[in-house]
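Following: one structure in structure tokens, then a few remarks.
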Amino acid sequence: MAKFSKPLAVLFLSVLVPAPLAPKAFTAPRDAVLQVSGGDIDVALPEGPLGISQDELLNWVRSSAEIVAQYYGRFPVRHLTLTIRSGGGSGIHHGVTYSTGGGLIRITVGQNTGHPELNADWVLIHEMFHLGFPSLDDKHDWLEEGLSTYLEPVARAQTGHLPVTEVWKQFILDMPKGQPEAGDEGLDNTQTWGRTYWGGAIFCLVADVQIREHTHNRKGLQDALRAIVNGGGVISSDWDIEKALATGDRETGTNVLRNLYREMSRKPVSVDLDQLWRKLGMKFKDGAVTFDDKAPEAGIRRAITERRPSGQR
């Protein structure tokens, strides 16, 4: 099932493919093996010419994997096969994630891609976050894609790879695309691009904030997702959505995930994003985000995106 990911200057195809659609005769390629926190990555390097070295490619892969590992406390799968292809132009395109072999990602790097573009890339991180959640029924694509859309900038901020102001600017500008429109029948039944990616991301942000409200900012969505991964809820596992949400709720001691799902899955629910931004202490003016640390829930905003030392929750 094809899923178009967030548009930037370069459009790419992000695909999350269940095991039955993955290649039947699959042999894991290997040009290099990277050890990351909690797992290893077999990397097949591109045959075509590139404007960057193999070492630069491997450093990009390792850095992306460590950002994801930092969020979960470890890399979500024990073994990943990553196939890198060369393509035309510049930038990172056509990320595809399969459940095959415990985790398989195929991604294309443009021949003219330079070191700065690798450093700024979010595509591979988005794809790697698909590894850290169980495979659900097709009607729940919004949660799988919404998680990757929400987690990628948050995790990059937590590791110092993206300014915090850029995270919230992106959310302020793009989350309105996920609001229900006329004829909407809830997240489970409205499989438009906006509802799948940004509607799912709204669900994740609201869940993160509500968990922190219920736990006095001691726990958040990150804790719930770590519990799901540690309970075996990764891409190679087929889970019912209720099992996944209940696992996360048990870790936080709340019913936030299940209650939000029941509220938003079968009927249109518009979230008052402007009120949410004010509560978190954010203003957007002239293309820039400023923070108000005296806002009622400024501490929650800081807890979501603040930089964490390596290994810290």
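The label point for residue 56 and the one for residue 85, both projected 7 Å from the Cα toward the Cβ, are 2.2 nm apart.
Largest mean-square fluctuation among 91, 231, 146, in a Gaussian network model of the chain whose springs join Cα atoms under 10 Å apart, belongs to 231.
Using the Cβ-Cβ distance between residue 166 and residue 255 with R0 = 35 Å, the FRET efficiency computed as 1/(1 + (r/R0)^6) comes to roughly 0.60.
When volume of the Cα convex hull per residue in Å³ is calculated for this entry, the matching label among (1) 149; (2) 176; (3) 127 is (3). With θ taken as phi - 60° and the Karplus curve 6.51 cos²θ - 1.76 cosθ + 1.60 applied, the whole-hertz 3J(HN,Hα) list for the range 97-111 is 10, 10, 8, 3, x, x, x, 9, 10, 10, 8, 10, 10, x, 4 Hz, x standing for glycine and proline. Within the chain, helices built from complete DSSP H runs that reach 24 Å or longer along their own axis (Cα positions) and carry a mean Kyte-Doolittle hydropathy of -1.0 or higher are 54-72, 141-158. Compared with the direct C-alpha span, the chain from residue 291 to residue 242 gains 14.0 nm at full extension, assuming 0.36 nm per residue. Each Lys or Arg adds one and each Asp or Glu subtracts one; over the other residues with Cβ under 14 Å from the Cβ of residue 39, this totals 0.
A 23 angstrom limit on the alpha carbon distance is what I want to check against. Which of 139/267; 177/267; 219/283; 177/279; 139/169 exceed it?
Correct reply: 219/283; 139/169.
Tell me, what is the FRET efficiency for residue 40 and residue 139 to the nearest 0.05, using R0 = 30 angstrom and their Cβ-Cβ distance as r? The computed FRET efficiency comes out at 0.35.
Any read-out appearing in this document is the output of simple, stated calculations on the displayed coordinates, not a laboratory observation. Remember, it's a predicted structure, so these values are computed and weren't measured experimentally. Neighbour counts run over all protein chains shown; Cβ positions are idealised from the backbone, glycine included.
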